[in-house]
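Q: If you scroll down you'll find the structure; I have some questions about it.
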Amino acid sequence: MKFTPTFRQLAIWLSLSWLAVFVLVPHLLVLVTSFLTADPSNLAVWPLSLDAYARLWDPVYAGVLIDSLYLSLMATLCCLLVGYPFAFVLSRFSPGVRAVCLFLMIIPFWTNSLIRTYALKMLMGNKGLFNDTLLALGIIDAPIRMIYTEFAVIFGLTYILLPFMVLPLMASFDRLDRSLLEAARDLGANAWQRFWRIIVPLTMPGIIAGCLIVFLPAMGMFYVADLLGGARNLLLGNLIKNQFLVVRDWPFGSAASVALIVLMAVLLWAYFQANRRVSRRGGLEDENLT
Amino acid sequence: MSEASAVVQLSSVTKRFEQQEVLREFSLSIHDGEFFTILGPSGCGKTTILRLIAGFEHADSGQVIIDGTDVSTLGAEKRSVNTVFQSYALFPHLTVFENVAFGLRMARVARTEIESRVKEVLEMVQLGDFAQRRPEQLSGGQRQRVAIARAVVNRPKVLLLDESLSALDYQLRLKMQSELKHLQRQLGITFVYVTHDQEEALSMSDRILVMHQGQPQQVGTPRQIYESPRNLFVASFIGETNVLNAKILRALDDYRYEAELEGRYQRIIHADRRYQPGDDVHVLLRPEDLRIEYLRDAGDKPGFVGEVKDRNYTGRTLDSIIELPDGLQLRSSEFFDEDDPDFDYSINERVWVDWVHGWEHVIPAENLNR
Ligand SMILES: Nc1ncnc2c1ncn2[C@@H]1O[C@H](COP(=O)(O)OP(=O)(O)OP(=O)(O)O)[C@@H](O)[C@H]1O
Ligand SMILES: [Mg+2]
């Protein structure tokens, strides 16, 4: 299909304006707000001040940051541990089976993730399905406390973010040339050696991409922490939400948002640097692989 | 040669993929130190044989014996053979040096020895200066040499090569053919080479196995295969051949017979086995076995008379198609000689044509429409 130049220009301008109105402007508003002074009745007022940023250094918030990094990291790790074998096995199926499996994995995503988090909350309750099942099977004598624990938050984050791990990994496994594994075998590498010396290095871009795509949003998923972790400021996302909706300190909430965005930007930048080095080192972008 | 000198032996191997039987009761014996080529059209099972020897596939029945040991149940990582893959399958994340060192590292060879052996083999394939390059930074021919180096550095009993040259352009392929042959002599390793290119097979091999639809057709030296093909498939797959149908009329002595060719020409033919009067045979004539002369020069010599239908100058040879009165077409190929006026036949000119007697090859008749 061929697009006329005017159509193409229109399309470009439309998407640019969309981005400007719904991404750029809100971010700029947040940025400006973060430099204003907090005021309980008017949310944010002049004059400009660095107050909000100064308060970010309060050890209380460092604690939130560390908690937040820890939970996100654990969720990322769980996603990787589950997603990697899953993607590996899936990549070995025929395209038909693979499409069905991916489809099944994606179906739940047609339901709002907030609703799915509520569902998890029910399942993990003291009288929830998980405990009932364990009790019925005789594995435990009394209900174990699942809901409102760190475990619950990590579980919820893992559950919601898993597909974001699997998809880039699948792409990596797709590009992995099976004949390389045969070559390694031919040269005497056993399954373990093939895994660590060939499969892992060659799927590294997928691993890094998957981890970032899971890790970055995990820090902001306040509703998961709210619903499954109880009323504590577990994630940076909770902290920000509370500043806006509960404490009504908009400059501070904005400053925390800006800090989170900067943190993500740094991670993304590191990712692109690493990626460039990997592809220079001998290429996943190499056409000869496929 | 005796079975004792066989370094690779397949005995009664049957291999099925789903319902399709690719090899059936297939046996093969490859001698130590030879350049053995498996030749056949696409899909005839060449790669399957190689993968059975390498250990990537396992036979449904029958045995694979390497160097006197039954390895039928061993995986590829435990066999003392190495493969040069058609796509080279170089590890893209490793340097040339690390690619070549891979097998030695897996075998836990000492670091200093790895260093010296890899260097030595890279020198041998003339890639000494490329050790720190990545595969993507090499040309096709260089990658090919890395693939060979990566395999031979392990000093395998047998080197398996699957259409290793087919991805290269014509010039490079010729060069690599002679390099491969040279390397094989130098190393004394048994090479099992798979190709569907008959010229390549003829020029490189000590012995050739011709395959067709999973069935071995003939095993022999290039010369045997070319000059004494055992059946029509081998004859027509290796080079061009004129096939004449004939019936034996009577025996003159053990190997000379009077025969009727194409139901109308009575000629004397030489066979390498006995036939009875009444037997149907094929007389195979290579294009270069044919001689063409002007009618006026030929006089009454026995031979065929036909019309020149096509003349094609290929550089070294002049190829003609001669049509006999009954419609049968003969292909001839004569070495081009600028001083020889005989090369000036024109299209549709009637000429005399015959073969050099004794150069024909006679095989029992087969159903041509198989
Ligand atoms: N893994 C497999 N699964 C199913 N059928 C297969 C498989 N590998 C090979 N075959 C079938 O076995 C037959 C022989 O295949 P093979 O690859 O040995 O042919 P080949 O002689 O190497 O052909 P080519 O010259 O095209 O490489 C083919 O009909 C092919 O379709
Ligand atoms: Mg093949």
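The values are calculated or read from the model by the stated rules, or taken from the named source; none is laboratory data. What you see is a predicted model, and the numbers here were worked out from it, not measured in a lab. Backbone-built Cβ (ideal geometry, glycine too); neighbour counts: all protein chains shown. The protein model used for the area step is the full one, side chains on, heavy atoms only, and it has no ligands, DNA or RNA in it. Shrake-Rupley method; radii C 1.70, N 1.55, O 1.52, S 1.80 Å.
Q: Find the percent of Cα-Cα distances in chain B that exceed 36 Å, and round it to a whole number. Please report the intermediate quantities before stating the final value.
A: Values: 25651 of 68265 pairs.
Here the long-distance tail beyond 36 Å is 38 percent of all Cα pairs in chain B.
Q: Work through the residues other than B:GLY214 whose Cβ is under 12 Å from its Cβ and net out their charges, Lys, Arg +1 and Asp, Glu -1.
A: Details: positive: B:LYS15, B:ARG16, B:ARG24, B:LYS46; negative: B:GLU21, B:GLU25.
Taking every Cβ under 12 Å from that of B:GLY214, the sum is +2.
Q: Packing-wise, with mean Cβ within 10 Å as the measure, how do A:134-143, B:14-23, B:276-285 rank, highest first? Mind dumping the intermediate values first?
A: Values: A:134-143: 10.6, B:14-23: 13.9, B:276-285: 17.0.
Averaged packing, sorted descending, gives the order B:276-285, B:14-23, A:134-143.
Q: Obtain the nm distance between the two label points defined at B:THR314 and B:GLU349 by a simple spin-label model: each point lies 7 Å from its Cα along the Cα-to-C-beta direction.
A: 2.1 nm
Q: What list of ³J(HN,Hα) values in whole Hz, one per residue of segment B:234-239 in order, does the Karplus curve 6.51 cos²θ - 1.76 cosθ + 1.60 (θ = phi - 60°) give from phi, with Gly and Pro shown as x?
A: Once rounded to whole Hz, the list reads 4, 4, 7, 6, 9, x.
Q: Apply the a/c threshold of 1.5 to the C-alpha gyration tensor of segment A:157-264 and tell me whether it is rounded, prolate or oblate. Present the calculation step by step, with values, prior to reporting the outcome.
A: Working: a/c = 4.38, a/b = 3.24, b/c = 1.35.
It is prolate, given that a/c is not under 1.5 and a/b is the larger ratio.
Q: Please report, in Å, the Rg and the Dmax of segment B:240-364, where both are computed over Cα atoms only.
A: 15.0, 46
Q: Ranked highest first by the average count of other Cβ atoms within 10 Å around their residues, in what order do A:58-65, B:31-38, B:294-301 fall? Don't jump to the answer; show the numbers that get you there.
A: Working: A:58-65: 13.2, B:31-38: 20.9, B:294-301: 10.2.
Put in order of decreasing packing, that is B:31-38, A:58-65, B:294-301.
Q: Further, regarding this structure: Which value, in Å² rounded to 10, gives the accessible area of A:PHE164 with a 1.4 Å probe and all protein chains present?
A: 90 Å²
Q: Within a Cβ distance under 11 Å of A:PRO251, other residues only, what is the Lys/Arg minus Asp/Glu net charge?
A: Working: positive: A:ARG55, A:ARG248; negative: A:ASP39, A:ASP51, A:ASP249.
Net of charged neighbours comes to -1.
Q: Moving on. Rounded, prolate or oblate: which fits segment A:14-68 when a ≥ b ≥ c are the square roots of the eigenvalues of the alpha-carbon gyration tensor, with rounded for a/c under 1.5 and prolate only if a/b beats b/c?
A: Working: a/c = 3.07, a/b = 1.47, b/c = 2.10.
Cα axes put segment A:14-68 in the oblate bin.
Q: Moving to a separate point now. Skipping prolines and chain starts, which residues have an amide H placed within reach, meaning under 5 Å, of the one on B:ASN242, given they are 5 or more residues away or on another chain?
A: Here B:LEU285, B:ARG286 satisfy the definition.
Q: Would you mind telling me the antiparallel percentage of the DSSP bridges in the protein assembly as shown, rounded to 5?
A: Numbers: 66 of 84 bridges.
Restricted to the protein assembly as shown, the bridges split so that about 80 percent are antiparallel.
Q: May I ask you to derive the FRET efficiency for B:GLN215 and A:PHE93 from their Cβ-Cβ distance with R0 = 51 Å, giving the value to the nearest 0.05?
A: Numbers: r = 34 Å, r/R0 = 0.67.
Taking R0 as 51 Å, the efficiency between B:GLN215 and A:PHE93 is 0.90.
Q: Please give the average number of partner chain Cβ atoms lying within 10 Å of the Cβ of each residue in A:174-183, rounded to a whole number.
A: Numbers: counts 0, 0, 0, 6, 1, 8, 7, 1, 8, 16.
Per residue, the average neighbour count from other chains is 5.
Q: Apply the Karplus parameterisation 6.51 cos²θ - 1.76 cosθ + 1.60, with θ equal to phi minus 60°, to every residue of segment A:69-86 and state each ³J(HN,Hα) to the nearest whole Hz, in sequence, with x for glycine and proline.
A: 4, 4, 5, 5, 5, 5, 4, 4, 4, 4, 4, 5, 5, 7, x, 5, x, 4
Q: The protein assembly as shown: D in µm²/s via Stokes-Einstein (Kirkwood Rh, Cα pairs, 10 °C, 1.306 mPa s)? Show your work: numbers first, answer last.
A: Working: Rh = 31.9 Å.
The estimated diffusion coefficient comes to 50 µm²/s.
Q: Right, something else. Sum up the lysine pairs in the protein assembly as shown that clear both bars: alpha-carbon distance under 26 Å and a spacing of 8 or more or different chains.
A: So the count of such lysine pairs works out to 17.
Q: First check a/c for chain A, with a ≥ b ≥ c the square roots of the eigenvalues of its C-alpha gyration tensor; if it is under 1.5, answer rounded, and if not, answer prolate when a/b is larger than b/c or oblate otherwise. Intermediate values should be presented prior to the final figure.
A: Numbers: a/c = 1.91, a/b = 1.25, b/c = 1.53.
The shape class here is oblate.
Q: Now, a different point. Need one number: % antiparallel among DSSP beta bridges in segment B:3-236, to the nearest 5.
A: Values: 20 of 38 bridges.
Just about 55 percent of them are antiparallel.
Q: Please average, across the residues of B:81-91, the number of beta carbons from any other chain that are within 10 Å of each residue's own beta carbon, and give a whole number. Write down the numbers at each step before the final one.
A: Working: counts 1, 4, 6, 2, 6, 1, 6, 3, 10, 7, 10.
Mean inter-chain Cβ contacts per residue within 10 Å come to 5.
Q: Once every Cα of segment B:105-237 carries one equal point scatterer and solvent is ignored, give the base-10 log of I(q)/I(0) from the Debye formula at q = 0.19 Å⁻¹, two decimals.
A: Evaluating at q = 0.19 Å⁻¹ gives log10 I(q)/I(0) of -1.12.
Q: List the residues whose amide H sits under 5 Å from the amide H of B:GLU57, counting only those 5 or more places along or on another chain, with H placed 1.01 Å from N in the peptide plane.
A: Excluding prolines and chain starts, which carry no amide H, the hits are B:LEU52.
Q: Place the peptides A:101-112, B:156-167 in order of packing, highest mean first, counting for every residue the other Cβ atoms within 10 Å and averaging per peptide.
A: Numbers: A:101-112: 11.3, B:156-167: 20.9.
In decreasing order of mean packing, A:101-112, B:156-167 become B:156-167, A:101-112.
Q: Report the Rg/Rh value for segment B:4-118, based on alpha-carbon coordinates and the Kirkwood definition of Rh. Walk me through the numbers before you get to the answer.
A: Details: Rg = 16.3 Å, Rh = 16.0 Å.
Using only Cα positions, Rg/Rh for segment B:4-118 is 1.02.
Q: Enter the accessible area of A:ILE208 (Å², nearest 10), with the probe set to 1.4 Å and all protein chains included.
A: 50 Å²
Q: Tabulate in residue order the Karplus-calculated ³J(HN,Hα) for segment A:193-203, using 6.51 cos²θ - 1.76 cosθ + 1.60 with θ = phi - 60°, rounded to whole Hz; enter x for Gly and Pro.
A: In residue order, the calculated couplings are 5, 4, 5, 6, 8, 10, 5, 4, x, 7, 9 Hz.
Q: Ok, one more. Just from its helices, what would the mean residue ellipticity at 222 nm be for the protein assembly as shown, if runs of 4 or more DSSP H residues each count -39500 (n - 2.57) and the sum is divided by every residue, rounded to the nearest 500 deg cm²/dmol? Mind dumping the intermediate values first?
A: Numbers: 23 runs with 292 residues, N = 660.
Here the helix-only value at 222 nm equals -14000 deg cm²/dmol.
Q: Could you sort A:TRP269, A:TRP196 by accessible area so the largest value comes first, with the probe set to 1.4 Å? Each step should come with its number before you reach the end.
A: Numbers: A:TRP269 160, A:TRP196 130 Å².
Order by accessible area, largest first: A:TRP269, A:TRP196.
Q: Looking only at other chains, what is the average number of their beta-carbon atoms within 10 angstrom of each beta-carbon in A:187-197?
A: Numbers: counts 19, 14, 6, 4, 2, 0, 4, 2, 0, 0, 7.
Neighbouring Cβ atoms belonging to other protein chains average 5 per residue here.
Q: Over every pair of different alpha-carbon atoms in segment A:71-148, take the mean of 1/r and invert it; report that Kirkwood radius in Å. Don't skip to the end; give the middle numbers.
A: Details: mean 1/r = 0.0659 Å⁻¹.
For segment A:71-148, the Kirkwood estimate is 15.2 Å.
Q: Give me the dipole magnitude in Debye, nearest 20, for chain B about the Cα centre, with unit charges on the beta carbon: positive for Lys and Arg, negative for Asp and Glu. Each step should come with its number before you reach the end.
A: Values: 43 positive and 57 negative charges, 396 e Å.
With only Lys, Arg, Asp and Glu charged at Cβ, the dipole is about 1900 debye.
Q: Report the net charge of residues surrounding A:PHE130, where surrounding means a beta-carbon distance below 12 angstrom and charges are Lys +1, Arg +1, Asp -1, Glu -1.
A: On the way: positive: A:LYS121, A:LYS127, A:ARG145; negative: A:ASP132.
With Lys, Arg at +1 and Asp, Glu at -1, the neighbours total +2.
Q: Another question, if that's okay. Please list, ordered by chain and number, the residues whose modelled amide H lies under 5 Å from the amide H of B:GLN217; skip anything fewer than 5 residues away on the same chain.
A: Amide H neighbours of B:GLN217: B:VAL210, B:MET211, B:HIS212.
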